[in-house]
Amino acid sequence: MKPLTLKNILLLAAPFALLAACAKPEGPSFLVADPRLWRAADSPAQKGISLEEYQVLIGTGAGHQARLPVLMQMSVKEPNRSLVTSPRVELGTNKISLEFVRELRYASEFAPARTGPGSFPVIPVTPSAFESKETGFVAALTAKQLGGLILIEGEISVTQLQGFSRMGGALGTPILDEKGRTLTQNRIQLPKFAVFTTPIYVAIKPGESSLFEISAPRKGTIVTISLPEKS
């Protein structure tokens, strides 16, 4: 076995050093995002402002203070799809919810397969109970005043139906006749859902807007939050 050089030792140790930089050594088990792991943000680039403007906006300079509640409007643009825009709503310190959803109703329980008179015909498993789930876009948001800005916090989630999975085990297995021919597929299928979540923390000057990318089934989905002036 060849002796290890200092260079090889450093290369071997690098992954462990990176993990150690991300992990909190004491207390609850969780990972801390190390700035060395950050990549360029996916959201559109923002124009810069002067230090004086920034100080005015956050309330450390001479300037007006933003006031709650404010009017808010949100739009969602998925690649190759039409823009969806919410009505204007009043946003304050109480949590509000904006939704662009559809309700999916699906069978959740099934009665076993049975036969008719004389063991024929074979009636496959039959839905006996149903449940509903909303798919689409939900934003749960609150706001607070920060100098001349409105700080909006919360979470945006997108729930997507990704198809169906065959379920049921022995209850949902195909039923055959004595010659091995299929009498019924006796199929039980339940939906598969995926949920994409993005925490929200964005400060906006009343009368202006901010846009950013969110986690969604289609990469490049952009949300715009606007704070239109009250008429």
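Structure above, values below:
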item	result
Among (1) among the polar types (S, T, N, Q); (2) without any contact (Cβ under 8 Å) to a residue 40 or more places away in the chain; (3) under 30 Å from P174 (Cα atoms) - the single one T85 does not satisfy	(3)
Answer from S29, S82 - the residue that is of a type in the set (G, A, S), more than 19 Å from I200 (Cα to Cα), modelled with pLDDT under 75 and loosely packed, with under 12 Cβ neighbours inside 10 Å	S29
Filtered residues of segment 144-182 (kept if within 22 Å of Q73 (Cβ to Cβ), touching a Lys or Arg at 6+ places or on another chain (Cβ under 8 Å) and in contact (Cβ under 8 Å) with a residue 60 or more places away in the chain)	Q145, G148, L149, I150
Set F100, F120, F130: member being aromatic (F, W, Y), in contact with a Ser or Thr (Cβ under 8 Å, 6 or more places away or on another chain) and exposed (fewer than 13 other Cβ atoms within 10 Å of the Cβ)	F130
Test result for K179, surrounded by fewer than 12 Cβ atoms within 10 Å (Cβ to Cβ), at pLDDT 95 or above and either hydroxyl-bearing (S, T, Y) or over 18 Å from L227 (Cβ atoms) (or both)	no
Candidate set from segment 153-171 (those that are surrounded by 13 or more Cβ atoms within 10 Å (Cβ to Cβ) and more than 16 Å from T221 (Cβ to Cβ)); member that is modelled with the lowest pLDDT	G168
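The values are calculated or read from the model by the stated rules, or taken from the named source; none is laboratory data. Keep in mind that what you see is a predicted model, and the values were worked out from it rather than measured. Methodologically, a virtual Cβ is constructed for each residue, glycine included, from the backbone with ideal geometry; neighbour enumeration extends over all protein chains shown.
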